[in-house]
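The values are calculated or read from the model by the stated rules, or taken from the named source; none is laboratory data. What you see is a predicted model, and the numbers here were worked out from it, not measured in a lab. So basically every Cβ, Gly included, is an ideal-geometry build from the backbone, and we count neighbours across all protein chains shown.
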Amino acid sequence: MVKIGMNRRLRSNQVVRPHHMIYKTGFFWARVNPPHAGHLWVIKRALLQVDRLIVVIGSAERKYEKGNPFSGNERKKMLEAYLKEEHIDTRRVKVFAIADPDMSIKKGVGYVMDSVPAFDVIFSTHELKEQKTGIKMKVEKAIEEEAKRRKIRIIRFRRTGPISSTRIREGIAHGRAWEHMTGKSVARTIRKMGGIKRIKKLHGL
């Protein structure tokens, strides 16, 4: 287990590509609604161990909801802009926005993994206590079982900092500071697409 502090932003030149990668292709699955500095932390750390990284934006069909204000395509656009802002080689990171399939969580996890190119390691995070919902715990368990079935290792990063997509959404809704938790490109995109007004409306404000 790798312990991380997501309240610390890493400069892009701190990510040094080793001469020999441990794994060929990694897999990282998150909702990124919206993307934040913690997501970039994981991506940068993952790229230290793989040649290429697959990032799956889950629940891509969910949008205009309090907990899911942005569509999969909007989140994909934000994340790709954030990667460029942080000078991450986008040739090494492929982002997929995938809708939740209409099937059981266990079968759905397998479906999502089959929907992207082959990978040989999974990167994940231990959720903050406030983020541990029943659904998330079931998905995490299903990922563990599917990884075991496929004989693929899971590398987990422990979340220790205060940054989360939930806190960004709440900060926007209630007029609190939030831009420090994400990239300038993400904040700019949120404002440009009317995301501030959208989130406030979804919060009933």
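Among the residues of region 141-159, those that are part of a helix (DSSP H, G or I), under 18 Å from the mean Cα position of the chain (by Cα) and crowded, with 17+ Cβ neighbours inside 10 Å comprise Ala142, Ile143. Of the residues making up region 72-95, those that are among the small types (Gly, Ala, Ser), buried (at least 20 other Cβ atoms within 10 Å of the Cβ) and in contact (Cβ under 8 Å) with a residue 60 or more places away in the chain number 0. Do we have Arg62 as part of a loop (DSSP other than H, G, I, E, B), out of contact with any Leu (no Cβ under 6 Å at 6 or more places or on another chain) and among the charged types (D, E, K, R) here? Yes; evaluated as a whole, the condition is true for this residue. Residues in region 20-71 that are over 11 Å from the mean Cα position of the chain (by Cα) and among the basic types (Lys, Arg) were compared, and the one that is nearest to Ser115 (Cα to Cα) is Arg52. Going by the structure shown, is Phe123 under 12 Å from the mean Cα position of the chain (by Cα), more than 30 Å from Lys201 (Cβ to Cβ), modelled with pLDDT of 95 or more and not hydroxyl-bearing (Ser, Thr, Tyr)? When the stated conditions are applied, Phe123 passes them.
The single condition from (1) in a loop (DSSP other than H, G, I, E, B); (2) at pLDDT below 95 that Asn13 fails is (1).
Take Ser165 and decide whether it is among the polar types (S, T, N, Q), over 30 Å from Gly110 (Cβ atoms), surrounded by 17 or more Cβ atoms within 10 Å (Cβ to Cβ) and touching a residue at least 12 places away in the same chain (Cβ under 8 Å). First the steps, then the outcome.
Working: among the polar types (S, T, N, Q): yes; over 30 Å from Gly110 (Cβ atoms): no; surrounded by 17 or more Cβ atoms within 10 Å (Cβ to Cβ): yes; touching a residue at least 12 places away in the same chain (Cβ under 8 Å): yes.
For Ser165, the condition - among the polar types (S, T, N, Q), over 30 Å from Gly110 (Cβ atoms), surrounded by 17 or more Cβ atoms within 10 Å (Cβ to Cβ) and touching a residue at least 12 places away in the same chain (Cβ under 8 Å) - is not met.
Here Gly171 meets each of (1) part of a loop (DSSP other than H, G, I, E, B); (2) surrounded by 14 or more Cβ atoms within 10 Å (Cβ to Cβ); (3) over 16 Å from the mean Cα position of the chain (by Cα); (4) small (Gly, Ala, Ser) with one exception, condition (1).
For region 188-205, a residue qualifies if it is small (Gly, Ala, Ser) and in contact with a Pro (Cβ under 9 Å, 6 or more places away or on another chain), and exactly one does: Gly195. Being buried (at least 19 other Cβ atoms within 10 Å of the Cβ) and either among the acidic types (Asp, Glu) or farther than 18 Å from Lys184 by Cα (or both) is true of Pro69. The residue of region 36-59 that is surrounded by the fewest Cβ atoms within 10 Å (Cβ to Cβ), among those that are out of contact with any strand residue (DSSP E or B) (no Cβ under 8 Å at 6 or more places or on another chain) and on the phi < 0 side of the Ramachandran plot, is Leu48.
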